[in-house]
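Participant: Handing you this structure, nothing more for now.
The values are calculated or read from the model by the stated rules, or taken from the named source; none is laboratory data. Owing to the predicted nature of the structure, the values given are computational and were not obtained by experimental measurement. Because the Cβ atoms are built from the backbone with ideal geometry, glycine has one as well, and the counts that use them run over all protein chains shown.
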Amino acid sequence: MKEELKKMREEALSRLKNAGSLDELEELRVGYLGKKGKMTAILREMGKLPAEERPVMGQLANQVRADIESCLGEVKKDLEEKAMEKRLEEETIDVTIPGKKVNLGHRHPMYIALDQVKEIFVGMGFDIIDGPEIELAEYNFDRLNAPEGHPSRDWSDTFYFDTDSRVMLRSQTSPMQVHAMETRKPPIRVVAPGRVYRKDEVDATHSPMFHQIEGLVIDKGITMADLKGTLNTVVESLYGKGTKTRFRPHHFPFTEPSCELDVQCHECGGVGCRVCKGEGWIELLGAGMVHPRVLEMSGIDPEVYSGWAFGIGLERMAMRRFNITDMRLIFENNIRFLEQF
Ligand code: PHE
């Protein structure tokens, strides 16, 4: 048994010293000192020895165990140091390598223009509100005084979800007028920017998805003069002091009277050119005094209150603001285009 212990010590020490990794070392430790290890097996045999031999063998066994343990400790420390060295070597950073270029995006010209408009309206005490793009025809049409059969409800212009034409992609931001009247009490002053959808072919001035910003004011004693004053202020802060506007009579089912606002062409100053198609003016928005029936349908007494509303096409507004001549550029998001603004 003595021989056996000594032989095991020699073997263990030499194998430990040759261990190549911490995993291998742990395997060896379990193999010798673990519950099912060789050391334990030998100690178990000790019970069979004559009583007088036991203390001597016990001492030797303890010594062997201590030797193995101390060797384990040393080799472990060694391997750990080597592992650390290797890691440090691998993780060295070469600070002289040139960095990767980070491509930052660029703010979109339409949102630059939108933020500017928002700021103007917030400055005048308006709230900015948001609403659904998937809309009920009830809000997009009925409660805006465009009853069943009205030409604007036609399937050829509108994206409906159902065969009864009740659920749709909103074709204008005007349903936000109804949402505002439903959730707020006069005085109401809101603007509502967002996407709208129409079955239009893509060309230089059309897209099946585009953006509008709706405005609505309702209070006592509101007149067309308030509408003109407010919109002229907006046009001047967008396009410069002294920019001329023209209010032209028009028709919308939800306003009476209705008008369209034209801005004098920035390119030719009103003489007529390619940009304004010879008109001298560029159409910017539709507006008007909120129809008494629209007020009534949303529970506001038209005998007490009056109001005005407008809807601006945002793409067109940004195009006029930054002299962009093709609407498709607005949606392509080519960084070389965007970086110009
Ligand atoms: N909704 C109208 C359009 O899309 C614009 C508009 C809004 C007109 C508000 C009058 C009042 O053309």
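Participant: I'm trying to understand the selection: among the residues of region 164-183, which are closer than 19 Å to Thr255 by Cβ and not aliphatic (A, V, I, L, M)?
Facilitator: We begin by selecting, within region 164-183, every residue closer than 19 Å to Thr255 by Cβ; these are 170-182.
Arg170, Ser171, Gln172, Thr173, Ser174, Pro175, Gln177, His179, Glu182 - these are the residues of region 164-183 that are closer than 19 Å to Thr255 by Cβ and not aliphatic (A, V, I, L, M).
Participant: Filtering region 36-68 down to residues that are under 18 Å from Leu25 (Cβ atoms) and loosely packed, with under 13 Cβ neighbours inside 10 Å, which residue is nearest to the chain's Cα centre (by Cα)?
Facilitator: Out of the qualifying residues, it is Lys36.
Participant: Looking for something within 13 Å of the ligand (Cβ to nearest atom), more than 16 Å from Val117 (Cβ to Cβ) and surrounded by 16 or more Cβ atoms within 10 Å (Cβ to Cβ) - is there at least one such residue anywhere in region 164-171? Can you show your working first?
Facilitator: Step one: of region 164-171, the residues within 13 Å of the ligand (Cβ to nearest atom) are 170-171.
Narrowing further to those that are more than 16 Å from Val117 (Cβ to Cβ): 170-171.
Going one step further and asking which of them are surrounded by 16 or more Cβ atoms within 10 Å (Cβ to Cβ), we end up with 170-171.
Taking every residue of region 164-171 in turn, at least one turns out to be within 13 Å of the ligand (Cβ to nearest atom), more than 16 Å from Val117 (Cβ to Cβ) and surrounded by 16 or more Cβ atoms within 10 Å (Cβ to Cβ).
Participant: While we're looking at this one, here's another question. Being free of Cβ contacts under 8 Å to residues at least 12 places away in the same chain and away from the ligand (no atom under 14 Å from the Cβ) narrows it down to one of Glu267, Glu201, so name that one. Before you say what the answer is, go through the steps one by one.
Facilitator: On the way: Glu267 fails: free of Cβ contacts under 8 Å to residues at least 12 places away in the same chain.
The unique qualifying residue is Glu201.
Participant: For region 108-117, indicate whether the set of residues that are under 57 Å from the mean Cα position of the chain (by Cα) and in a loop (DSSP other than H, G, I, E, B) is non-empty.
Facilitator: Within region 108-117, the first condition is being under 57 Å from the mean Cα position of the chain (by Cα), and the residues that meet it are 108-117.
In the following step, the residues that additionally are in a loop (DSSP other than H, G, I, E, B) were identified as 108.
For region 108-117, residues under 57 Å from the mean Cα position of the chain (by Cα) and in a loop (DSSP other than H, G, I, E, B): present.
Participant: Further question on the same structure: Checking the structure you have, find out if any residue of region 93-106 is surrounded by 10 or more Cβ atoms within 10 Å (Cβ to Cβ), within 30 Å of Arg328 (Cβ to Cβ) and either in contact with a helix residue (DSSP H, G or I) (Cβ under 9 Å, 6 or more places away or on another chain) or without any contact (Cβ under 8 Å) to a residue 24 or more places away in the chain (or both). Explain how you work it out, then say what you get.
Facilitator: Filtering region 93-106 for residues surrounded by 10 or more Cβ atoms within 10 Å (Cβ to Cβ) gives 106.
From what is left, the residues that are within 30 Å of Arg328 (Cβ to Cβ) are 106.
Applying the additional criterion that residues be either in contact with a helix residue (DSSP H, G or I) (Cβ under 9 Å, 6 or more places away or on another chain) or without any contact (Cβ under 8 Å) to a residue 24 or more places away in the chain (or both) yields 106.
Yes: region 93-106 contains one or more residues that are surrounded by 10 or more Cβ atoms within 10 Å (Cβ to Cβ), within 30 Å of Arg328 (Cβ to Cβ) and either in contact with a helix residue (DSSP H, G or I) (Cβ under 9 Å, 6 or more places away or on another chain) or without any contact (Cβ under 8 Å) to a residue 24 or more places away in the chain (or both).
Participant: Filter region 139-163 down to the residues that are aromatic (Phe, Trp, Tyr) and surrounded by fewer than 22 Cβ atoms within 10 Å (Cβ to Cβ), then identify the one that is nearest to Phe252 (Cα to Cα).
Facilitator: Initially, region 139-163 is screened for residues aromatic (Phe, Trp, Tyr), giving 139, 141, 155, 159-161.
Those still in the list that are surrounded by fewer than 22 Cβ atoms within 10 Å (Cβ to Cβ) too: 139, 155, 159-161.
Details: Tyr139: 15, Trp155: 19, Phe159: 20, Tyr160: 21, Phe161: 25 Å.
Top of the filtered list is Tyr139.
Table: residues versus (1) touching a Lys or Arg at 6+ places or on another chain (Cβ under 6 Å); (2) part of a loop (DSSP other than H, G, I, E, B); (3) closer than 16 Å to Met209 by Cα.
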{"residue": "Glu135", "(1), (2), (3)": "yes, no, yes"}
{"residue": "Glu138", "(1), (2), (3)": "no, no, no"}
{"residue": "Ala146", "(1), (2), (3)": "no, yes, no"}
{"residue": "Asp157", "(1), (2), (3)": "yes, yes, yes"}
{"residue": "Thr163", "(1), (2), (3)": "no, yes, no"}
{"residue": "Met168", "(1), (2), (3)": "no, no, yes"}
{"residue": "Thr173", "(1), (2), (3)": "no, yes, yes"}
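Participant: Right, here's the next one. Scan region 149-164 residue by residue and report those that are over 15 Å from Tyr139 (Cβ atoms), hydroxyl-bearing (Ser, Thr, Tyr) and in contact (Cβ under 8 Å) with a residue 12 or more places away in the chain.
Facilitator: If the condition is that a residue be over 15 Å from Tyr139 (Cβ atoms), hydroxyl-bearing (Ser, Thr, Tyr) and in contact (Cβ under 8 Å) with a residue 12 or more places away in the chain, then Ser156 is the only one that fits.
Participant: Still on this structure, I have one more. Going by the conditions given, is Gly286 in contact (Cβ under 8 Å) with a residue 40 or more places away in the chain and either of a type in the set (Gly, Ala, Ser) or within 16 Å of the ligand (Cβ to nearest atom) (or both)? Steps first, please.
Facilitator: Details: in contact (Cβ under 8 Å) with a residue 40 or more places away in the chain: no; either of a type in the set (Gly, Ala, Ser) or within 16 Å of the ligand (Cβ to nearest atom) (or both): yes.
Considered against the rule, which asks whether it is in contact (Cβ under 8 Å) with a residue 40 or more places away in the chain and either of a type in the set (Gly, Ala, Ser) or within 16 Å of the ligand (Cβ to nearest atom) (or both), Gly286 comes out as no.
Participant: Considering only region 249-281, how many residues are in a strand (DSSP E or B) and modelled with pLDDT under 90?
Facilitator: Going through region 249-281, the residues in a strand (DSSP E or B) turn out to be 249-252, 255-264, 281.
Then keep just the ones that are modelled with pLDDT under 90; that gives none.
Number satisfying all stated conditions: 0.
Participant: Go through region 295-329 and give me each residue that's crowded, with 18+ Cβ neighbours inside 10 Å and among the charged types (D, E, K, R).
Facilitator: Glu315, Arg316, Arg320, Arg321
Participant: Quick one: Ser258 ticks every box in (1) within 22 Å of Ile112 (Cβ to Cβ); (2) of a type in the set (Ser, Thr, Tyr); (3) within 16 Å of the ligand (Cβ to nearest atom) bar one, so which box is it?
Facilitator: (1) is the only condition that Ser258 fails.
Participant: Considering every residue within region 81-97, establish whether at least one is in contact with a Lys or Arg (Cβ under 7 Å, 6 or more places away or on another chain) and either modelled with pLDDT of 85 or more or more than 30 Å from Glu339 (Cβ to Cβ) (or both). Full working, then the answer.
Facilitator: Of the residues in region 81-97, the ones in contact with a Lys or Arg (Cβ under 7 Å, 6 or more places away or on another chain) are none.
No - not one qualifying residue is present in region 81-97.
Participant: Restricting to region 289-298, name every residue that is part of a helix (DSSP H, G or I) and more than 12 Å from the ligand (Cβ to nearest atom).
Facilitator: Once the filter is applied, which keeps residues that are part of a helix (DSSP H, G or I) and more than 12 Å from the ligand (Cβ to nearest atom), region 289-298 yields Pro292, Arg293, Leu295, Glu296, Met297.
Participant: Would you tally the residues in region 210-231 being surrounded by 13 or more Cβ atoms within 10 Å (Cβ to Cβ) and without any contact (Cβ under 8 Å) to a residue 40 or more places away in the chain?
Facilitator: Keep residues of region 210-231 that are surrounded by 13 or more Cβ atoms within 10 Å (Cβ to Cβ), which gives 210-219, 222, 224, 226-228, 230-231.
Next cut, without any contact (Cβ under 8 Å) to a residue 40 or more places away in the chain only: 228.
Total satisfying the criteria: 1.
Participant: Let me ask something additional. For region 211-248, how many residues are more than 10 Å from the ligand (Cβ to nearest atom), under 19 Å from Gly313 (Cβ atoms) and assigned to a strand (DSSP E or B)?
Facilitator: Here the count works out to 5.
Participant: Which residue is farthest from Ala12 (Cα to Cα), if the candidates are limited to region 48-65 and must be among the aliphatic types (A, V, I, L, M) and part of a helix (DSSP H, G or I)?
Facilitator: Taking region 48-65 as the starting set, the residues that turn out to be among the aliphatic types (A, V, I, L, M) are 49, 51, 56-57, 60-61, 64.
Imposing the further condition that a residue be part of a helix (DSSP H, G or I) reduces the set to 51, 56-57, 60-61, 64.
Numbers: Ala51: 28, Val56: 21, Met57: 18, Leu60: 15, Ala61: 14, Val64: 10 Å.
Here the answer is Ala51.
Participant: Among (1) surrounded by fewer than 21 Cβ atoms within 10 Å (Cβ to Cβ); (2) within 16 Å of the ligand (Cβ to nearest atom), where does Phe252 come up short?
Facilitator: Tallying (1) surrounded by fewer than 21 Cβ atoms within 10 Å (Cβ to Cβ); (2) within 16 Å of the ligand (Cβ to nearest atom), Phe252 fails exactly one: (1).
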